[in-house]
Structures are given as structure tokens and as C-alpha cells.
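Asks: Before we start, here is the structure in question, set down as C-alpha cells.
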Amino acid sequence: MKIEDFITRLEEEFEDITPGTLKPQSIYREVFEWSSINALILIALVKTEYDVVINAEDIATSKTVEDLYNIIQARVQ
């Protein structure tokens, strides 16, 4: 998985994000109105698309799209 593909998938999943908005250095929680529901959507997306489990702590400790991507990449089997 390349980070560009991950960004495209995020932009497709979250309708509030205009395609082309996210960059690796984007602070994803500031790009659109972040909520606990969006966190659950992100957790489900990562599990479904990449068969990787992330949790609330992973989301809380990551700031950028690249941070999330790196967490997922480290856990891909």
C-alpha cells in the first residue's frame, strides 16, 4: 500500500473531505469536523480494507495522515 492510495481511500470514505485535500502532513482531525463516530468509521475502514486493527489510542497519538499510515503499515501482515 502506498500513502497516496491510503489518502484516496480516506477521502472516499469521509464525504466531508474534498478530494485532493489530504496530504501526508495534513492533521486529519482539522480537515473536517472530527467526532467519535468518525473515529469508529476510521477503525472499521482500516480493519476492512487493510485487515489491521487500530484503536482509540492509535488515533489519539497520531496527528497526521502519515502518522496513521505508518501505524497501519507497521501492522500489515
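The values are calculated or read from the model by the stated rules, or taken from the named source; none is laboratory data. Quick caveat: nothing in here was measured; it's all calculated off a predicted structure. Here Cβ is always computed from backbone atoms with ideal geometry, including for glycine, and neighbour counts include all displayed protein chains.
Asks: Restricting to the range 18-33, name every residue that is among the β-branched types (Val, Ile, Thr) and under 12 Å from Asp67 (Cα atoms).
Replies: Filtering the range 18-33 for residues among the β-branched types (Val, Ile, Thr) gives 18, 21, 27, 31.
Result: Ile27, single match.
Asks: Same structure, new question: Please go through the range 23-48 and pick out each residue that is modelled with pLDDT of 95 or more and within 19 Å of Lys2 (Cβ to Cβ).
Replies: Matches in the range 23-48: Lys23, Pro24, Gln25, Ser26, Leu42, Leu45, Val46, Thr48.
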